[in-house]
Amino acid sequence: MNNSSTRCLIIGSGPAGYTAALYTSRANLNPVLYEGEQPGGQLTITTEVENFPGYPEGTTGTQLMEDIRAQAIKFGASVRTGIITKVDFSKRPFVAHISDGTTISADSIIISTGATAKFLGLPDEQKYMGMGVSACATCDGFFYRGKRVAVVGGGDTACEEALYLSNLASAVFLIVRKDYLRASKVMQKRVLDKPNITVLFNTNTVGLFGEEFLEGAHLVENIGTDKEQHFDLAIDGFFLAIGHKPNTDIFNGEINLDENGYIVTQTPTTATNIPGVFAAGDVADPIYRQAITAAGSGCKAALDVEKFLSEQL
Ligand code: NDP
């Protein structure tokens, strides 16, 4: 029978959540972690992970998550399937509602619900996911050394991804739906100055093609105008960089969020505006978004919880 109360409830299961569970379990706080809709988080949709310290041969995103999860369970964390649908933050202990209709009360909470990369919504994106389609250049760019890739988006993320990829790939095409880049001037200049980046303005992607792996994209220039032109671009990699959506809908109105929906923390700590509630990982990080930074912030949140609970005695 699952306990219906805990010293520390962890909501979400990427590297931040599992690392927070590892640290809080080793601190004898008997944490309970609810894994949410995508157990293991965004890493489970990437292929190989070669930049997480400690894996000289690389590993897969799924394996990495299984490893940290197992490490947390070994020290007593209760890792549960289920989605937290609502939390009453009005008094302590907090009460969280679970998708199976039950509730759990918690003396402290770590929110690590992550962020979700936005996709265009084309069925082909799912078809070639991990076979040429990616939403993370830092994670997957290395596999496209010497190849041709495209990045979709015109913001800072897209420019950053295009620049990163331009040091690996032979040619990078930045597909921008408007006739201008939304990115900061300095990023725009860097992109436009880079010889192997071609910016395709006024261009939309309408489909992808390839036998087994991605081989190209169906593009349309000046869509909906009398200059509309359809053409195909041969590419091996298609990177989405049209923004991320932090998974904070259920906390809106309760926890302070920034204008893009990310949880605001009292840096350098992971404390939110509600005493006893902490946030770790991509849900509070619009900038770094790496497995290692998420894991690091999960550790910080666990230490912040320990300190908070010890001060309550
Ligand atoms: P943004 O929202 O700034 O940009 C998203 C881009 O994707 C825009 O060019 C947008 O086009 C385009 N886009 C959105 N939907 C579609 C679609 N369906 N089809 C085609 N294109 C689409 O997101 P970012 O992730 O780039 O940045 C988020 C925030 O993080 C920003 O404030 C940014 O400045 C910041 N950031 C800062 C960094 C840094 O300082 N180093 C690095 C990365 C991000 P359109 O312009 O037409 O709407």
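Please enumerate the residues belonging to segment 222-264 that are among the acidic types (Asp, Glu) and closer than 23 Å to Thr157 by Cβ.
Our first condition is that a residue be among the acidic types (Asp, Glu); within segment 222-264, this holds for 226, 228, 232, 236, 249, 254, 258-259.
Asp236, Asp249, Asp258, Glu259 - these are the residues of segment 222-264 that are among the acidic types (Asp, Glu) and closer than 23 Å to Thr157 by Cβ.
Scanning segment 5-41 for residues that are of a type in the set (S, T, N, Q) and touching a Lys or Arg at 6+ places or on another chain (Cβ under 9 Å), which turns out nearest to Gly61 (Cα to Cα)? Let's see the steps before the verdict.
Initially, segment 5-41 is screened for residues of a type in the set (S, T, N, Q), giving 5-6, 13, 19, 24-25, 28, 30, 38.
Then drop every residue that is not touching a Lys or Arg at 6+ places or on another chain (Cβ under 9 Å), which leaves 13, 24-25, 28, 30.
Details: Ser13: 13, Thr24: 23, Ser25: 23, Asn28: 28, Asn30: 26 Å.
By that ranking, first place goes to Ser13.
Test each condition in (1) part of a loop (DSSP other than H, G, I, E, B); (2) within 16 Å of the ligand (Cβ to nearest atom); (3) among the β-branched types (Val, Ile, Thr) for Val199 and report the one that comes out false.
Unmet for Val199, out of (1) part of a loop (DSSP other than H, G, I, E, B); (2) within 16 Å of the ligand (Cβ to nearest atom); (3) among the β-branched types (Val, Ile, Thr): (1).
Quick check, is Ala72 within 30 Å of Leu22 (Cα to Cα) and touching a strand residue (DSSP E or B) at 6+ places or on another chain (Cβ under 6 Å)?
no
Any idea how many residues of segment 122-133 are within 15 Å of the ligand (Cβ to nearest atom) and at pLDDT below 95? Walk me through how you get there before you give the answer.
If we filter segment 122-133 for residues that are within 15 Å of the ligand (Cβ to nearest atom), which is where we start, we get 122-125, 133.
Subset that is at pLDDT below 95: 123.
Number of matching residues: 1.
Would you check which residues across segment 4-34 are within 21 Å of the chain's Cα centre (by Cα), farther than 12 Å from Ala72 by Cβ and of a type outside the set (A, V, I, L, M) and list them?
Gly12, Gly14, Tyr34
How many of the residues making up segment 202-216 are more than 14 Å from the ligand (Cβ to nearest atom) and surrounded by fewer than 18 Cβ atoms within 10 Å (Cβ to Cβ)?
5
If the requirement is being buried (at least 17 other Cβ atoms within 10 Å of the Cβ) and of a type outside the set (Phe, Trp, Tyr), which of these qualifies: Asn247, Asn260, Asn252? Please lay out each step first, then the result.
On the way: Asn260 fails: buried (at least 17 other Cβ atoms within 10 Å of the Cβ); Asn252 fails: buried (at least 17 other Cβ atoms within 10 Å of the Cβ).
Step by step, each of Asn247, Asn260, Asn252 is checked, and only Asn247 is buried (at least 17 other Cβ atoms within 10 Å of the Cβ) and of a type outside the set (Phe, Trp, Tyr).
Can you tell me which residue in segment 35-55 is nearest to the chain's Cα centre (by Cα), limited to those that are outside any loop (DSSP other than H, G, I, E, B) and among the hydrophobic types (A, V, I, L, M, F, W, C)? It would help to see each step written out before you state the result.
Narrowing segment 35-55 to residues outside any loop (DSSP other than H, G, I, E, B): 41-45, 48-49.
Now narrow it down to the ones that are among the hydrophobic types (A, V, I, L, M, F, W, C): 43, 45, 49.
Details: Leu43: 8, Ile45: 10, Val49: 14 Å.
In this case the residue turns out to be Leu43.
Which one of these does Val172 not meet: (1) assigned to a strand (DSSP E or B); (2) within 12 Å of the ligand (Cβ to nearest atom); (3) within 25 Å of Ile287 (Cα to Cα)?
(2)
Looking at the structure I just gave you, is Gly261 at pLDDT below 95 and within 24 Å of Ser112 (Cβ to Cβ)?
Values: at pLDDT below 95: no; within 24 Å of Ser112 (Cβ to Cβ): yes.
No; evaluated as a whole, the condition is false for this residue.
Could you check segment 226-265 for strands (runs of 3 or more DSSP E) lying wholly inside it with 3 or more residues that are within 12 Å of the ligand (Cβ to nearest atom)? First the steps, then the outcome.
Numbers: elements: 229-234, 237-240, 244-246.
Where strands (runs of 3 or more DSSP E) fall fully within segment 226-265 and carry at least 3 residues being within 12 Å of the ligand (Cβ to nearest atom), they are 244-246.
Considering each residue of segment 217-227, count those that are surrounded by 12 or more Cβ atoms within 10 Å (Cβ to Cβ) and either on the phi < 0 side of the Ramachandran plot or among the aliphatic types (A, V, I, L, M) (or both), and give that number. Can you show your working first?
Of the residues in segment 217-227, the ones surrounded by 12 or more Cβ atoms within 10 Å (Cβ to Cβ) are 217-223.
Checking the rest, the ones that are also either on the phi < 0 side of the Ramachandran plot or among the aliphatic types (A, V, I, L, M) (or both) come to 217-221, 223.
Counting residues in segment 217-227 that are surrounded by 12 or more Cβ atoms within 10 Å (Cβ to Cβ) and either on the phi < 0 side of the Ramachandran plot or among the aliphatic types (A, V, I, L, M) (or both) gives 6.
Would you check which residues across segment 140-165 are at pLDDT 95 or above, assigned to a helix (DSSP H, G or I) and away from the ligand (no atom under 16 Å from the Cβ) and list them?
Within segment 140-165, just Tyr144 meets the criteria.
Please state which one of Asn3, Asn30 is at pLDDT below 95, surrounded by fewer than 20 Cβ atoms within 10 Å (Cβ to Cβ) and under 21 Å from Asp107 (Cβ atoms). Even if it seems obvious, please write down each step before you answer.
Details: Asn30 fails: at pLDDT below 95.
Only one candidate passes the filter, namely Asn3.
The values are calculated or read from the model by the stated rules, or taken from the named source; none is laboratory data. This one's a predicted model, so the numbers in the text were calculated from it and none came from an experiment. Positions of Cβ are backbone-derived with ideal geometry, glycine not excepted, and every protein chain shown enters the neighbour counts.
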